[in-house]
1. Identify, from the list A:437, A:416, A:406, the residue that is over 30 Å from residue A:473 (Cα atoms) and either surrounded by 14 or more Cβ atoms within 10 Å (Cβ to Cβ) or without any contact (Cβ under 8 Å) to a residue 60 or more places away in the chain (or both).
2. For region A:74-88, check the following and say yes or no: at least one residue is surrounded by fewer than 24 Cβ atoms within 10 Å (Cβ to Cβ), at pLDDT 95 or above and in a strand (DSSP E or B).
3. Assuming residue A:17 fulfils every condition listed in (1) in contact with a helix residue (DSSP H, G or I) (Cβ under 7 Å, 6 or more places away or on another chain); (2) surrounded by fewer than 24 Cβ atoms within 10 Å (Cβ to Cβ); (3) under 25 Å from residue A:138 (Cβ atoms) apart from one, which condition is it?
4. For residue A:636, are the conditions met, namely being within 14 Å of chain B (Cβ to nearest Cβ), surrounded by 22 or more Cβ atoms within 10 Å (Cβ to Cβ) and touching a helix residue (DSSP H, G or I) at 6+ places or on another chain (Cβ under 7 Å)?
5. Can you tell me which residue within region A:281-316, out of those that are part of a loop (DSSP other than H, G, I, E, B) and touching a residue at least 40 places away in the same chain (Cβ under 8 Å), is surrounded by the most Cβ atoms within 10 Å (Cβ to Cβ)?
6. Please go through region A:99-111 and pick out each residue that is crowded, with 24+ Cβ neighbours inside 10 Å and under 19 Å from residue A:440 (Cβ atoms).
7. Can you tell me which residues in region B:137-173 are within 24 Å of residue A:372 (Cα to Cα), at pLDDT 75 or above and surrounded by fewer than 24 Cβ atoms within 10 Å (Cβ to Cβ)?
8. Just to be sure before I move on: is residue A:97 at pLDDT 95 or above and touching a strand residue (DSSP E or B) at 6+ places or on another chain (Cβ under 9 Å) in the structure I sent?
């Protein structure tokens, strides 16, 4: 199963791959996808960069339901981490702007998580129960975890799957924990730089300012957390090709520090920003399948609640601060397609239409308070990160047509009308302006697919993206990596156009995908410096931070250029190898008033790639190896120079080797193991606060009955 | 049975986990609870020699009057600022030939001796200090002739937007968190600490601060006093003006070492030169009617203070000129090109340091005079206690510096001081809040001998 937008640059991670890699999280499952970099601001947070952008500019879907809401932040956010990798069958990444099909926020691409479906076994006549589960242990973060799952089938009408998982991650050990010691094993007194290894500045060789490394020079402070997941899915066969689905997916994360703020570089090392609660619950009901000539039907009503409770503890200060932000999202989507219709006498020319509409509403609750340390005295702030009672409406309708000529030439075109409306009340004490703004847009796509021979496809696509400013852009006051972000209620929407050329080869021994792209972003939102006097209403942490920023639309178009290639080779039935290489280059008008005319876009990943090999020793056992690499990234935006997540001058490159082995040891039990980062390299993905895991063992034992 | 129990437990734990924790509700703190708030004892090093508030200073001024009894006698002389001669190599922007003087003749940035040209349009230190000017305005929070109300220490919920309380201003201007990592760069740099991109994180680490209490003056000597005094003032314990005076003492010392520190870290990040100026003068120009921070305190001292103020301005512009000529002319606000001309940097910094030190010494002398002037005046006992409390914080810090500062020319200055003066003034200043009027008079005179106008 893969994205149904197959004319685009699409890649997938399957359940089997996730198991064999023993992934720690849903974002972790994307590390071998072309065109994707997984940035981590904390060990319990991760954000996929797709074609050089992330956060609000990448649309996240779970089973067709938007996860993005009106509080998604500019830059990396943690929300894809709230998808339980254990409940997912496959994750697709569709690269490039794609708002016609998927709606707003699809500037850089779309990440589509597809949940595990309960099986309908035709042999079952009455009731069948199955149970399965897995336990994992990853040594770098001393993290045990487990998921249990039960599946039930009632005749051929109803199938249910339900699962629950739990994991405890302790502080993560990064690579290369060499300490500077004299021959007698005592610390070198000539330097306070007690670590020899670690991720270091490209400019002056100093240790990256974040995270704080413990005495072993490898264990990273502010990286442990706990998570609980639960899910249930019931599928009822209404007709032969029509199903009703009701599902709930819950994620509960506790006590997850934000590593770059635990401690922040601008306060004592005892200070820590912690996500005490990072919760998300998604529930939906859906009717899917075919009714008469109506194909690919999906009528879905969904409810999602995202809840964050954060606390900034500063025991050496006078006060600590707390926040609660919750957003309730109601959504409705309707999609359908026609069967292929012949529009020529002999059927040489066929046409398919797709269409749909969707609408969403976010309701926001947001509070902030300060607590006088050790006294319990609470000082309420007049507003939270957002203004309590804000709301955000968005949605649209789309139509697409596809005309195929003898299956050799396919023309595609489509358009979407989109809308968004933001409302945020006036709050006088904090000088928060009232916001009541709406936007409309039309975006379009067109594509040409040529198949000179059955296994070969050549593609040329133009697809547009649209992202209206959301409540986070317009109204938030918050700590970000580069500094404190002040709201800008005057922002205008971002619009993007992706131009891409690609080719795809599909044969049994060789699969090849190669794409080149250019994405133009008009009105791109970037962070510009602001002064302390811009901290409206005093601004809480605004003034504490080392710097202040605000989002602004740059005047001239921003560009992201790049390409990806993915190759998969099979030799017989036993050997399989895959490799990817990706590059993105981004640039925008400088947000500095007296700055250079153009500067790099923030945190665009460097040239990077992967290689994997897998050899089946027998039908039930395999061995494998994986290699990941990235070059240094020293193309920095203005905000990157302020961001302690990025070592001074840029992020160094890295090369990592993993070894894998797995076997079915009995009818009920399968083992997978990975020796990750064999050479214990110190590394981090550009823009991350957290160094990647050092050498360690990842083990998964999966059982099923 | 076991299976059923397990399922029940699982269900309960799911329900519990699914419940979101509400925001905390306010419990009105008891005085006992608040009295626990205060100095972080694990960071507040014993070695810092900061005098803790005496019982006398924490209570009514009458006790302090007793401690510094009229029998101590003695007058404190006004500062005499004659014979102020700049060094031959000093940058003198107020003179017509400044732009021709070697080595300053390459400086293009300073075209107006009365204005500081910012590297970065987003410099925040000047604004922080200007906002804190609400506290040290005449009749304001720091005025030793009045007792601030508890609500002036900590904003009540309804006042959160009013921006007038001490707690609010210290927290929300970001000054409080900067106390927690500020280094006094007059002391020797800890072994192995190099001026790179992690330099200023050093004292934020509790272990580093404890191991280097003099150098890490912010977390070890200032932060705890600030928190302790805010908490006591908020709870209405003891003399409010004593608490305010202690807060002011930490603030003024912090401004002094901050301006000096920023002139050093301006080498890797030129925008820090803006902070050096900002921590001295806020957003004000040399001759502006409204001044902030240390500049306000100095100008209030009359002609002598004004002269010291002008010399500090010269020093700030010297630092600005050095950086202008040493890689600072960049188009990105000066954040990327590190300075390399250490000789010129040290020359500029020494000019600024001498002037700044002279300035803080004059502020100490003024406080000693104010303390002495209340001797025997029962009506001003509370004010006297406030002055004593201020001296209790700054006196030992200055004493430590006189004894142990080692960077720049400090070792040489100590060596050339008149015999016995150093040890005597150190003893006098370490008397702290228990200082007597006689000691105050001697200390002021000794300081004048040690720190002649630059």
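The values are calculated or read from the model by the stated rules, or taken from the named source; none is laboratory data. Since the structure is predicted, the reported quantities are computational estimates derived from the model, not experimental observations. Every residue, glycine as well, gets a Cβ built from its backbone with ideal geometry; the counts of neighbours run over all protein chains shown.
1. A:406 is the lone residue from the list that is over 30 Å from residue A:473 (Cα atoms) and either surrounded by 14 or more Cβ atoms within 10 Å (Cβ to Cβ) or without any contact (Cβ under 8 Å) to a residue 60 or more places away in the chain (or both).
2. yes
3. In the conditions (1) in contact with a helix residue (DSSP H, G or I) (Cβ under 7 Å, 6 or more places away or on another chain); (2) surrounded by fewer than 24 Cβ atoms within 10 Å (Cβ to Cβ); (3) under 25 Å from residue A:138 (Cβ atoms), residue A:17 misses (1) alone.
4. no
5. Step one: list which residues in region A:281-316 are part of a loop (DSSP other than H, G, I, E, B), which gives A:292-293, A:314-316.
Still in the running and touching a residue at least 40 places away in the same chain (Cβ under 8 Å): A:293, A:314-316.
Values: A:293: 10, A:314: 24, A:315: 16, A:316: 28.
Out of the qualifying residues, it is A:316.
6. If the condition is that a residue be crowded, with 24+ Cβ neighbours inside 10 Å and under 19 Å from residue A:440 (Cβ atoms), then A:99, A:100, A:102, A:103, A:104, A:105, A:106, A:107 are the ones that fit.
7. Just the residues of region B:137-173 that are within 24 Å of residue A:372 (Cα to Cα), to begin with: B:140-142, B:147-173.
Applying the additional criterion that residues be at pLDDT 75 or above yields B:140-142, B:147-153.
Correct list: B:140, B:147, B:148, B:149, B:150, B:151, B:152.
8. So residue A:97 fits the description; yes.
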